[in-house]
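Notes to accompany the following structure.
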């Protein structure tokens with residue numbers, strides 16, 4: 001049999017060499033931030049850092065990273081993470097993922113809300129968008145003390161993806177009605193780049 005004429009049947013398509021992705025999440029005390037350590041391991045393994053998020057929450061820091069590379073580079077990175085994951089001050093989670101499909105039918109909007117702090121405010125906002133099939137793309141919230149009065153305050157910034165067939169004026173009216181009922185000061189504006 002001539003080896004040049006053999007074809008392989010029923011095999012999955014071969015992905016491009018740099019199409020493998022690894023999602024990494026790490027939490028550690030803020031004084032021992034794993035940001036530099038993880039960034040270095042990603043580069044040393046021959047991978048690229050596609051996305052990253054870093055946030056200090058309480059006394060800890062949370063690092064979320066998406067690395068991309070050839071299958072062998074991702075495997076090398078996974079081995080390196082296994083070694084550094086033994087540190088008792090570092091909580092590490094990683095798994096292979098895929099690139100996100102483009103969501104061209106979603107309109108990006110930014111919601112900002114401020115109110116006197118009370119339990120359940122954020123849940124009400126999330127539930128409002130969830131009922132309307134509006135995705136929460138990014139969110140940050142915090143509780144703080146007002147400088148002038150000392151009142152306990154709540155603030156949230158939420159980036160949402162609104163389906164393009166949504167009637168924006170109606171959505172905005174419903175959102176403002178919700179905010180009035182919750183006694184929130186809020187805005188909902190398109191994200192401008």
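Values in this text are rule-based calculations from the coordinates and carry no lab data. Being a predicted model, the structure only gives us computed values, none of them experimental. We place every Cβ from the backbone using ideal geometry, glycine too, and count neighbours over all the protein chains shown.
Angle, helix 121-131 long axis vs. longest principal axis of the chain, Cα atoms, 0 to 90°, nearest 10?
60 degrees
Test of understanding: extend the Cα→C-beta vector of residue 155 to 7 Å, then name every residue of segment 44-62 with backbone N under 19 Å from that spot.
Of the residues in segment 44-62, 54-59 have backbone N under 19 Å from the label point off residue 155.
Using a Gaussian network for the chain with springs between C-alpha atoms less than 10 Å apart, which of these wobbles most: 151, 99, 28?
151
What angle, in degrees between 0 and 90 and rounded to the nearest 10, separates the Cα long axis of helix 35-44 from the longest principal axis of the Cα atoms of the chain?
Compared with the principal axis, the helix lies near 30 degrees.
Which value at 222 nm does the chain reach when only helices count, each DSSP H run of 4 or more adding -39,500 (n - 2.57), with the total divided by all residues and rounded to the nearest 500 deg cm²/dmol?
Taken over the chain, the calculation gives -8000 deg cm²/dmol.
Here are some values of mean projected area of the Cα convex hull in nm²: (1) 13.6; (2) 12.0; (3) 17.4. Which one was computed from this structure?
(3)
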